[in-house]
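In what follows, a single structure is set out as structure tokens and then discussed.
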Amino acid sequence: MKKTMKNAGIALLIIIIVLVVAFAIYWYRNIHWYDRYEKALEKAGAQEKQITLPNGNVINYGEIENDKPALLLIHGQMSVWEDYALVMPELSQNWHIYAVDVYGHGESTHDESLYYLDINGNDLIWFIDNVIGEPTVISGHSNGAITAAYMAANGGKNIAGVVLEDPPIFSTEGDGWEESFAYLDTYKTLHEYNASDKSECWEAYYLRHCYWGRLYMENAMPGIADYAQKYHSKNPGEEVRIGFLPSSIWYIFKYAKEYDFAYGERFYDLSWNHGWKHKDILSDIDVPCIYIHAKETIHENGTFLCAASREQAERAVSYIGDNCQLIETDTSDHAIHTVHSDVYIEAVNSLSK
């Protein structure tokens, strides 16, 4: 009996040790999620640069130099050019890559008078004409895809093709906006944080009020938010890192340190479009185009948990016309270039000719 109990105790101890080690590895990988990005940037040979435009605005960008055709990458909301790091090594086999920080993000100019579709789009057209100086394929993600569409419609001879990666098309000009996940989770929360007394950090406030938390982890969110606030208090100036949660949930906290929250207000009140209609922009695109749509997902309460519905995506493609191909992923993950990198790379490379 004693021997049996002893063996059972040893077995239990081994199980506990294995679980502790497994959790430690899980924690470490979450905390060090960005290591993969840094290794990918180093492997690809990316160099960070800046250009000052004649109007005084600064565009910060990463470049991978070679003799391949030019590709311009435009990130989405609350991100930076390095967000493309994981696909850069493979893309650079076919492309001379330029990846920019849009205004209000990263190290490009932070000035809320610039936070409009046409203003940033026109300056990026200048960037193509004067920095790249040759026919260029543009690929934009999320609202960066709408910027890419604007550039494809208005950019002239040096726009060779465009990839639209899951743009929030039509929704960000009011079509179902206040019932969308993006509005409920990000922009409404960000607006309310801007109007608050900011007694806690953005990360804690977001976790306490985010829409996905209310849907799936309502009871756990206050404790997670408290943890984020304690982390921020102990590590001021650093991004909040939460080792016990997958980094896919909180990775944007790193990029938020270089994000002007005034930019988000342009989406809360839908002024970012600056009078431009998505239908008109799409109808004026006459270069080869690929629209990558993340699969439509609707919560049981009716909220669209996607950047655009299938109907909105099909409507967008119909305005562009026969020169546009629609590709749809099998999940609603918005960051297609990360989650479905093979689909994304294949789509971009298909325009290399």
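Within segment 206-232, the set of residues being assigned to a helix (DSSP H, G or I) and of a type in the set (A, V, I, L, M) comprises L207, L215, M221, I224, A225, A228. For segment 225-245, which positions are within 23 Å of the chain's Cα centre (by Cα) and either of a type in the set (F, W, Y) or within 20 Å of R29 (Cβ to Cβ) (or both)? Residues satisfying the conditions are A228, E238, E239, V240, R241, I242, G243, F244, L245. Filtered by the rule that a residue be aromatic (F, W, Y), out of contact with any strand residue (DSSP E or B) (no Cβ under 9 Å at 6 or more places or on another chain) and modelled with pLDDT under 95, segment 141-182 gives a lone residue, W177. Scan segment 290-318 residue by residue and report those that are surrounded by fewer than 17 Cβ atoms within 10 Å (Cβ to Cβ), closer than 23 Å to S350 by Cβ and not basic (K, R). The answer is E314, S318. Test F267 against the criterion of being crowded, with 18+ Cβ neighbours inside 10 Å, at pLDDT below 95, of a type in the set (A, V, I, L, M, F, W, C) and within 24 Å of S79 (Cα to Cα), and give yes or no. Criteria not met by F267.
For segment 241-264, give me the residue count where each residue is part of a helix (DSSP H, G or I), surrounded by 14 or more Cβ atoms within 10 Å (Cβ to Cβ) and among the hydroxyl-bearing types (S, T, Y).
Of the residues in that region, 3 qualify.
Residues that are surrounded by 23 or more Cβ atoms within 10 Å (Cβ to Cβ) and of a type in the set (D, E, K, R) were ranked within segment 75-117; the one that is farthest from V348 (Cα to Cα) is D101.
Condition test on D185, is it in a loop (DSSP other than H, G, I, E, B), at pLDDT below 95 and within 22 Å of L270 (Cβ to Cβ)?
Details: in a loop (DSSP other than H, G, I, E, B): no; at pLDDT below 95: yes; within 22 Å of L270 (Cβ to Cβ): yes.
Judged against the criteria, D185 is not a match.
Return a yes/no flag: does segment 233-240 have any residue that is assigned to a helix (DSSP H, G or I), touching a helix residue (DSSP H, G or I) at 6+ places or on another chain (Cβ under 9 Å) and farther than 17 Å from Y150 by Cβ. There is no residue in segment 233-240 that is assigned to a helix (DSSP H, G or I), touching a helix residue (DSSP H, G or I) at 6+ places or on another chain (Cβ under 9 Å) and farther than 17 Å from Y150 by Cβ. Scanning segment 8-31 for residues that are over 38 Å from the mean Cα position of the chain (by Cα) and modelled with pLDDT of 90 or more turns up nothing. From the set of residues in segment 160-186 that are of a type in the set (A, V, I, L, M) and surrounded by fewer than 23 Cβ atoms within 10 Å (Cβ to Cβ), which is nearest to the chain's Cα centre (by Cα)? Applying the filter and picking the extreme gives L184. Which pairs turn up if I take residues in segment 248-273 that are farther than 20 Å from N122 by Cβ and touching a residue at least 60 places away in the same chain (Cβ under 8 Å) and look for partners that are hydroxyl-bearing (S, T, Y) and surrounded by fewer than 20 Cβ atoms within 10 Å (Cβ to Cβ) with beta carbon separation below 7 Å, at least 6 apart in sequence or on another chain? As it stands, the answer is K254/Y34, since those pairs meet every condition given.
The values are calculated or read from the model by the stated rules, or taken from the named source; none is laboratory data. Owing to the predicted nature of the structure, the values given are computational and were not obtained by experimental measurement. Every residue, glycine among them, receives a Cβ derived from its backbone with ideal geometry; neighbour counts consider all protein chains shown.
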